[in-house]
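No lab work stands behind these numbers, since they all come straight from the coordinates. Model, not experiment: these values are computed from the prediction. For neighbour counting, all protein chains shown are included, and Cβ atoms are generated from backbone atoms with ideal geometry for every residue, glycine included.
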Amino acid sequence: MYRYAQKLHHLLWSLLLLALITATNAHAAEKIDLIIDTDPGADDVVALLFALASPEELNIRALTTVAGNVRLDKTSRNARLAREWAGREEVPVYAGAPKPMMRTPIYAENIHGKEGLSGVVVHEPKKGLDEGNAVNYLIDTLKSAKPHSITIAILGPQTNLALALIQAPEIVQGIKEVVIMGGAHFNGGNITPVAEFNLFADPHAAQVVLKSGVKLTYLPLDVTHKILTSEARLKQIAALNNNAGKLVGNILNEYVKGDMEHYGIPGGPVHDATVIAYLLKPELFTGRSVNVVVDSREGPTFGQTIVDWYDCLNAPKNAFWVESGDAQGFFDLLTQRLARLK
Ligand code: BDR
Ligand code: CA
């Protein structure tokens, strides 16, 4: 009888252990395999720190950089700085396109500062760029990836992915989803009356990505202009009392000034960081599947995203357009993640 009870006990423990291992594996399998394509940029750096502080959910395969807010050498340095500040030097950084596909380059130094990073002093990071080009990295990685397994977050002009898609259209097989900060519909533009900066900086690239048939999610100005800093929200970040909190506090304090003044709003948006929040907690956001095209004709609507919100055209839905989000939920999540960094 005693031996029978002992055996049963043993069996129960084995089953429990097995259940635990299975649960752990299932959790690991849920991680998002992620490449972040970026042009840091003040809000890009906040987004990168946010993402790099979230290893439980995000398996960041690489950061790929593009010219946008500032020149490529500076965006690449700033991406490496974010990696260093987050203590995540094992994540490779590959530099990509030094200019847009067709149009003349534009920069946003007036918003992000000469170095592309307002509010903090920059230095040359200890670790350099990884060898190889971002476009080739995207092609090689996506070609050999498991079908529809990799998510790409694009926080700047979409030049790198567009060039990769043109050179090797078969890479769509590796893409699970592309989540983009860009575009504007209800809000109006921030670089022209109708265009948002990332789309205006390279509309031809955005067009290639839109036509590629990959699953797309857009976080446009419509949502980012609803998720604004406030004194209390900046205080909650400053209260973290770690280096990451100090950095983000200093960056944002400076970065939001321009938008607050220009739009007469009580706080500023942290555009690119909303992409990371969307990946971590999509339930904070709402939107709908729509047909989107981008205007690349010279003229006043250059770079405008035309969104068929009310399905007037009955055209195929090629993107999920995020329109609203929980602002306090966003800042709570950001603060919670930054708390994990040094
Ligand atoms: C976008 O433009 C850039 O200046 C920001 O980094 C963000 O990606 C907002 O329009
Ligand atoms: Ca950006």
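Using only the Cα atoms of the chain, construct the convex hull and provide its projected area averaged over every direction, in square nanometres to one decimal. Each step should come with its number before you reach the end.
Numbers: hull surface 84.7 nm².
So the mean shadow area of the Cα hull is 21.2 nm².
What does the net charge come to around T151 if you take all other residues with beta carbon closer than 13 Å to its beta carbon, with K and R at +1 and D and E at -1? Each step should come with its number before you reach the end.
Working: positive: K31, R61, K146, K176, K215; negative: E30, D33, D37, E57, E177.
For residues surrounding T151, the net value is 0.
Taking a Cβ cut-off of under 9 Å around V214, the surrounding Lys, Arg, Asp and Glu residues balance to a net charge of +1, with basic ones at +1 and acidic ones at -1.
Count the DSSP beta bridges whose two residues both fall in region 32-338, then state the antiparallel fraction as a percent rounded to the nearest 5. Don't skip to the end; give the middle numbers.
On the way: 11 of 38 bridges.
Counting DSSP beta bridges with both partners in region 32-338, the antiparallel share is about 30 percent.
Using DSSP to define loop residues, name the chymotrypsin sites (Phe, Trp or Tyr not before Pro) in region 66-112 whose beta-carbon has at most 10 other beta-carbon atoms within 10 Å. Walk me through the numbers before you get to the answer.
Working: sites: W85, Y94, Y107; in loops: Y107.
When the chymotrypsin sites (Phe, Trp or Tyr not before Pro) of region 66-112 are filtered for loop state and at most 10 Cβ neighbours within 10 Å, nothing remains.
Amide H to amide H, with H built 1.01 Å from N, A319 comes under 5 Å of V290, V292, counting only residues 5 or more places away or on other chains.
Computed from label points 7 Å out along Cα-Cβ, the spacing between S324 and K211 is 3.5 nm.
Would you tally the net charge around G325, using a Cβ to Cβ cut-off of less than 12 Å, leaving G325 out, and scoring K and R as +1, D and E as -1? Write down the numbers at each step before the final one.
Numbers: positive: K226, K281; negative: D222, E283, E323, D326.
Computed value for this residue: -2.
With just the Cα atoms defining each centre, how far is region 162-186 from region 27-66? Give it in Å. Value for the Cα centre distance between the two parts: 16 Å.
Each label was represented as a point 7 Å from its Cα along the Cα-to-Cβ direction; for N242 and K257 these points are 2.8 nm apart.
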